[in-house]
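The values are calculated or read from the model by the stated rules, or taken from the named source; none is laboratory data. Everything numeric in this text was worked out from a predicted model, so none of it was measured. Cβ placement follows ideal geometry from the backbone for every residue including glycine, while neighbour counts extend to all protein chains displayed.
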Amino acid sequence: MINQRIKEIRKVIKNKKLIVVSKNRTIDEIYEAYKIGHRDFGENRVQELIKKYEQLPKDIKWHMIGHLQKNKVKYIVPFIHLIHSVDSLELVRKINSVSEKNNVKTKCLVQIKIAEEDSKFGMSLDNYEEIKKHLPNYSSINIVGLMGMATANVKKNQIKKEFDFLHKIFKKSNNLNTLCMGMSQDYKIANECGSNMFRIGSFIFN
Ligand SMILES: *Cc1c(COP(=O)(O)O)cnc(C)c1O
């Protein structure tokens, strides 16, 4: 079942990066994806992420895809593969200082707010432009790309507009290699709009 769904996604995204979103899934369910070769998993809550990290094989690459509070950074920096949800300069500073202490360089994406709804996290384009100026001061954090979530349950052309917007910013930014857009509902549109990393959960597991 999981295998079939992943194959279906692969037909669309080809060899681009797939993050299997495992939030709310059991260890057994994650193991099923692991057994067929999957190594990149995404979680949106620190506590759940840590629990799963401890119980599952250590060659899994864990992705933090949900909003991250500064006081929880220290729990995930030692093992996290990629943080998708950097949304403030304060968080940049915190990840940098904790990474320095741990002697690691932490890979991150900046989450840009592209959806119309207020509830979604992420920073504005202006904010991102401002933060870019400060990044050279923080050598233990490595911003490798951008992440965005489109508005849910709207027409395709609205979603496309939002993804196109982020793609344009991505194209203009040098030194970035990752554009992470697309979930179960909209990964095909994200693929058309130039995404090269996808976060998909319910389509795979339901
Ligand atoms: C849950 C979640 C996803 C995956 O959503 P699905 O609709 O289950 O594919 C992707 N990104 C983030 C940030 C999420 O919290």
* Can you name every residue in segment 158-183 that is small (Gly, Ala, Ser) and buried (at least 21 other Cβ atoms within 10 Å of the Cβ)? -> GLY182
* So PHE121 clears everything in (1) hydrophobic (A, V, I, L, M, F, W, C); (2) touching a His at 6+ places or on another chain (Cβ under 9 Å); (3) crowded, with 20+ Cβ neighbours inside 10 Å except one condition, right? Which one? -> (3)
* **Within segment 168-183, tally of residues that are within 14 Å of the ligand (Cβ to nearest atom) and not in a strand (DSSP E or B)** => 2
* To do: Could you list, in sequence order, all residues of segment 93-144 that are of a type in the set (Lys, Arg) and within 16 Å of CYS180 (Cα to Cα)?
  => LYS107, LYS113, LYS120
* Looking for whichever is closer than 16 Å to ARG5 by Cβ, among the aliphatic types (A, V, I, L, M) and surrounded by fewer than 19 Cβ atoms within 10 Å (Cβ to Cβ) here; the options are ILE36, ILE27, ILE50, ILE19. Which one fits? => ILE36
* Six or more apart or on different chains, Cβ under 8 Å: which pairs go from a residue in segment 70-84 that's within 21 Å of PRO57 (Cα to Cα) and modelled with pLDDT of 95 or more to one that's of a type in the set (Lys, Arg) and surrounded by fewer than 21 Cβ atoms within 10 Å (Cβ to Cβ)? Could you list them? => HIS81/LYS61; HIS81/LYS107; LEU82/LYS61; LEU82/LYS107; ILE83/LYS107
* To do: Out of the residues in segment 91-108 that are crowded, with 16+ Cβ neighbours inside 10 Å, among the charged types (D, E, K, R) and free of Cβ contacts under 8 Å to residues at least 40 places away in the same chain, state the one that is nearest to LYS70 (Cα to Cα).
  => LYS94
* Restricted to segment 184-195, and to residues that are assigned to a loop (DSSP other than H, G, I, E, B) and surrounded by 19 or more Cβ atoms within 10 Å (Cβ to Cβ), which residue is nearest to the ligand (Cβ to nearest atom)? -> ASP186
* Asked: How about segment 42-79: which of its residues are β-branched (Val, Ile, Thr), assigned to a loop (DSSP other than H, G, I, E, B) and farther than 25 Å from LYS133 by Cα?
  -> ILE60
* Residues in segment 29-41 that are within 15 Å of the ligand (Cβ to nearest atom) and part of a helix (DSSP H, G or I): how many? -> 3
